[in-house]
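Let me begin by presenting the structure, written as structure tokens, before commenting on it.
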């Protein structure tokens, strides 16, 4: 109950999550510009945070001076002179008020700012990064581990958080050095020169660390991302690992990735060890030098007890902080490399974008016109001058062996890729000149993979039309012959029917059940163009017959483009387009194509003889 109540408490800072990424904005590709892009959206709290940090650190840096002055007053009691009670009380009060109370209050206020704004700030970054990721092309997600990309979005904001907090720590260390220089200047140039020499030596150590440890950190981060990707790839495909008995092989792959990541991390750690040795030497020389200066100064009367306490206290604080500062900058360097690595991954040029003057697709008649279309994958040409006309309301089947270009043609119509030459039009409008969202709103797709979201049945079907009522969803499910098995579903948390969750990518459902959900989703969308990509491939013959009857109703009045290797499912189409190696080699009705005795006839003969169509080329 307490945890539920906590979730209901909404912090005022969470309005940051409502800040969407402005439309058309491209994230900066350089590291500091990228960080500033997000920080500037909360610049007032950030400036107040660092301003308070400056004030609090100045007050805290007075601590060695107070210690020296108090020690000096106490020495009067030892030597038997008049005890300066009033002076000692004032110094004590000043120390308590300024160092112990005021500085701590300011630090507490900084903690409040962090607690109030930091988490909403990180959620804002994650939302805007997610919005930016949505703009990448389909190819972008095919070319990388999904787990690795998700890791960038989730973890990189934490690196930015630590960079900001480390700036605060860095501010404290530098303020201590600045205040020490200020007070040392009153004692003599020797103290100032010694401190400056120490700063130069420590700076060299830091420079060496950043120069050599930074690249090693970058490689270590990259190698760990590969390890993460391999784990996710293996775990998300556990069915394949088990049924092919590949546990040993997968373990070997993981071992290789872990070995590489461990080697890189070990190289980085050895560099850190060397840096620690250099820092120990600098600290020892500095503190020894300070001790010698105050001893000789006390002998010749140039320093008193208060000066000795102040100098040595500053020395201890500075060497402790310099050690911390070096570690801080090491971590800082690693964080920067993590953010840079994420920037390199996320901030890439969008392959498919809307033009500045892109219009919304207006479908008056759902005709499709493809003219002189050219497209190729890297190193593999697909289309070279393809042309095709599909009338509004026409039902067209795409036939051909694997690799003929059928699915690629569908992906080009959906603008998952952009054509490289020629043009494709829907309702007389070039799809390159309309917005991607309006184009895809006009097309309902039943994909071959039938992937589902890790959500409820209701949410998965309603993905086709978010505003649809429950009655509309149930009607679509009945048309897809999915209603009966849906009502019998129960998930691990006891949710039933349309509220039951389907697991990651619908893993809790059979292939046929997933395909029926995908069909219901497309039915609910009610788009003027329907694309079927092996829409019944996972169904048994009885279910396929029922679905085909439903599809006849769904396809009525719509332009349909259907892909199927099982040619019997396409016999009722108005026209069949036979493709091979990116070219249209035949077209016509089922009967006409059989009479031509070409590629389609060979495919048909092979299938009716019990073979799979992919072998037709041989």
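Each residue, residue 233 and residue 463, gets one label point 7 Å from its Cα in the Cβ direction; the gap between the two is 2.4 nm.
What percent does the relative contact order of segment 72-222 come to when contacts are Cα pairs within less than 8 Å and at least six residues apart? Walk me through the numbers before you get to the answer.
On the way: 26 pairs, mean separation 18.1, N = 151.
Normalised by residue count, the contact order of segment 72-222 is 12 percent.
Can you give the translational diffusion coefficient of segment 88-190 in µm²/s, computed by Stokes-Einstein from the Kirkwood radius over Cα pairs at 4 °C and 1.567 mPa s?
Answer from the Stokes-Einstein relation: 72 µm²/s.
Can you work out the FRET efficiency for the pair residue 288 and residue 181, with r the C-beta to C-beta distance and R0 = 25 Å, to the nearest 0.05?
Values: r = 19 Å, r/R0 = 0.77.
In this case the efficiency is close to 0.80.
By the count of neighbouring beta-carbon atoms within 10 Å, fewest first, 604, 207 end up ordered 207, 604.
Helix 541-555 and the longest principal axis of the Cα set of the chain meet at an angle near 90°. Measuring nothing but how far apart in sequence close Cα pairs (under 8 Å, 6+ apart) lie, relative to its length, segment 368-611 scores a relative contact order of 26 percent.
Dividing the alpha-carbon radius of gyration of the chain by the rule-of-thumb value 2.2 N^0.38 Å gives 1.38.
Over the chain, what is the relative contact order in percent, taking alpha-carbon pairs closer than 8 angstrom and at least six residues apart? Please list the in-between numbers first.
Working: 831 pairs, mean separation 83.8, N = 618.
Worked out over the chain, it gives 14 percent.
By other beta-carbon atoms within 10 Å, ranking 274, 126 with the fewest at the front produces 274, 126.
Here the gap between residue 36 and residue 226, fully extended at 0.36 nm per residue and compared with their Cα-Cα distance, gives a gain of 65.6 nm. Relative to the dominant Cα principal axis of the chain, helix 63-79 is inclined by about 20°.
If I fit a long axis through the Cα atoms of helix 189-236 and take the longest principal axis of the Cα atoms of the chain, what angle between them do I get, 0 to 90°, rounded to 10? Its long axis makes an angle of about 20 degrees.
Report note on the peptides 90-96, 438-444, 487-493: ranked by the mean count of other C-beta atoms within 10 Å, highest first, their order is 438-444, 90-96, 487-493. Across segment 1-347, counting alpha-carbon atoms alone, Rg and Dmax equal 26.3, 92 Å.
Contour minus end-to-end for residue 411 and residue 583, with contour as 0.36 nm per residue of separation and end-to-end as the Cα-Cα distance?
Details: separation 172, 0.36 × 172 = 61.92 nm, distance 1.62 nm.
Gain on extension, residue 411 to residue 583, equals 60.3 nm.
For segment 368-611, the normalised intensity computed at q = 0.15 Å⁻¹ comes to -1.07 (log10 of I(q)/I(0), Debye sum over alpha carbons, equal scatterers, no solvent).
Coordinate-derived values only; no laboratory data. All of these numbers come straight from a predicted model, not from anything done at the bench. So basically every Cβ, Gly included, is an ideal-geometry build from the backbone, and we count neighbours across all protein chains shown.
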